[in-house]
There are 2 protein chains.
Amino acid sequence: MTETTAAFHPHDHGACIADGLSRAEDVARRKGLRFTPVRRRTLEILLQRHGAMGAYDVLDRLREDGFSAQPPVAYRALDFLVEHGFAHRIRRLNAFAACTHPGEDHSAAFLICRGCDAVAELAADPLRAALEQGARTVGFSVERANIEALGLCPVCQSTQAPEGIA
Amino acid sequence: MTETTAAFHPHDHGACIADGLSRAEDVARRKGLRFTPVRRRTLEILLQRHGAMGAYDVLDRLREDGFSAQPPVAYRALDFLVEHGFAHRIRRLNAFAACTHPGEDHSAAFLICRGCDAVAELAADPLRAALEQGARTVGFSVERANIEALGLCPVCQSTQAPEGIA
DNA sequence: TCGAAATAGTTATACTATAACATAACAGAA
DNA sequence: TTCTGTTATGTTATAGTATAACTATTTCGA
């Protein structure tokens with residue numbers, strides 16, 4: 001497992017967004033998926049935020065672009081993105097985040113800072129493998145997994161109080 | 001990581017409940033926690049179900065016992081149980097489940113069957129260790145983690161259709 | 001016994017998500 | 001091209017989940 005996101009550090013965010021979009025477009029074309037305007041715009045919104053975003057926040061942004069502002073619009077687009085690995089759902093936050101990985105079909109783990117709410121994505125394929133092995137001992141076959149950790153990012157470790165006191 | 005639950009198999013459920021309660025009582029006494037009637041009853045309800053339960057389902061049961069039927073009552077009791085390791089929150093299901101582990105202070109992973117909704121808890125300390133190591137490479141300190149897998153239990157593997165078709 | 005702290009009761013509301021059905025766009029076959 | 005099945009979107013309504021904020025009570029140590 002190695003770092004694959006610069007969420008906790010400064011970086012070229014513009015390139016970040018452009019890369020994410022064009023990668024998604026490539027994958028969608030290759031898989032024959034319909035990367036429609038709402039879906040594309042939804043991914044772009046997530047990429048711009050570069051962090052976790054609630055469905056209703058996404059919805060607000062979509063409204064500004066003239067899309068229908070009803071919840072199902074956002075949820076469908078988000079579900080599509082998650083389904084195909086362009087985004088992840090972070091259940092602990094009831095939120096979504098654009099996938100920051102180059103590769104397709106990976107497993108991800110999320111590091112959620114309780115100090116500043118930043119979210120970082122780690123490649124979790126080894127973790128996933130370990131999980132599947134454990135599951136096998138009970139005869140369970142894993143299809144999808146969510147791995148989410150709550151804690152403190154480097155910055156907040158020096159400025160925030162320890163757990164339970166803040 | 002080894003199997004520590006019999007959720008996917010028949011077992012002595014009565015003993016299961018009694019054990020869970022008395023173990024919790026021991027720990028609470030040792031830690032100086034107040035294992036009040038609502039909290040105790042809430043844990044008992046979760047143990048009886050021996051699976052995931054929504055907060056509002058718990059609330060319904062509490063009402064039958066004469067406790068106040070307002071959401072905060074259930075959420076507080078559940079939060080207490082989760083906080084001290086007597087129960088776990090399963091975010092994928094917006095639900096809670098009694099901890100089926102003997103030991104305290106462990107990490108757990110959940111196997112959620114999409115066929116029959118059964119939930120099994122695996123000891124996930126190795127997984128947790130791997131997660132923490134990965135987090136360290138980004139300078140992140142893990143305090144809590146949720147690891148949840150969706151898939152098929154042994155029984156449903158033979159009777160259910162594959163993902164996406166069911 | 002007094003007072004601080006923790007727990008529980010209560011009311012109201014905020015936030016998250018989906019069901020269900022109507023309409024429109026698209027893709028391949030006839 | 002036109003038909004037709006399929007996929008996507010629009011729309012309305014509502015279900016489900018969770019917490020804020022305030023009051024009352026209990027507990028426990030000083």
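Coordinate-derived values only; no laboratory data. This one's a predicted model, so the numbers in the text were calculated from it and none came from an experiment. Note that we place each Cβ from the backbone using ideal geometry, even for glycine, and neighbour counts take in every protein chain shown.
The figures follow:
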| read-out | value |
| --- | --- |
| Label distances, nm, residue A:125 versus same residue in remaining copies, Cβ-directed 7 Å point | 2.9 |
| Local electrostatic count at residue B:21 - Lys and Arg +1, Asp and Glu -1, tallied over other residues with Cβ under 14 Å | +2 |
| Other-copy label distances relative to residue A:158, 7 angstrom Cα-Cβ extension, nm | 5.9 |
| Shortest-first distances to equivalent copies, position residue B:30, nm, label 7 Å out along Cβ | 5.2 |
| The stretch A:30-166, Rg to Rh (Cα coordinates; Rh as Kirkwood inverse mean 1/r) | 1.02 |
| Neighbour net charge for residue A:52 - beta-carbon separation under 12 angstrom, K R +1, D E -1 | 0 |
| Shielding score for A:121-127, defined as the mean number of other chain Cβ atoms within 10 Å | 4 |
| Segments B:15-21, B:129-135 sorted - mean Cβ within 10 Å per residue, highest first | B:129-135, B:15-21 |
| Cysteines in chain B that, by Cβ-Cβ distance, have no pairing candidate under 4.7 Å | B:16, B:99, B:116, B:156 |
| Fully extended contour minus Cα-Cα distance, from residue B:159 to residue B:56, at 0.36 nm per residue | 34.0 nm |
| Relative contact order (percent, whole number), the stretch A:38-102, Cα cutoff 8 Å, 6+ residue spacing | 39 percent |
| Sequence-separation-based contact order of chain B, relative, with Cα cut under 8 Å and 6+ spacing, percent | 24 percent |
| Residue of chain A whose Cβ sits closest to the axis mapping A onto B, with distance in whole Å | A:91, 2 |
| Förster radius 22 Å - calculated FRET efficiency between residue B:132 and residue B:105, Cβ distance, rounded to 0.05 | 0.95 |
| Nearest-20 debye value, the protein assembly as shown charge dipole, Cβ charges on Lys, Arg, Asp, Glu | 500 debye |
| Antiparallel DSSP beta bridges within chain B, percent to nearest 5 | 70 percent |
| Estimated 222 nm signal from helices in chain B, with DSSP H stretches of n ≥ 4 weighted -39500 (n - 2.57), rounded to 500 | -13500 deg cm²/dmol |
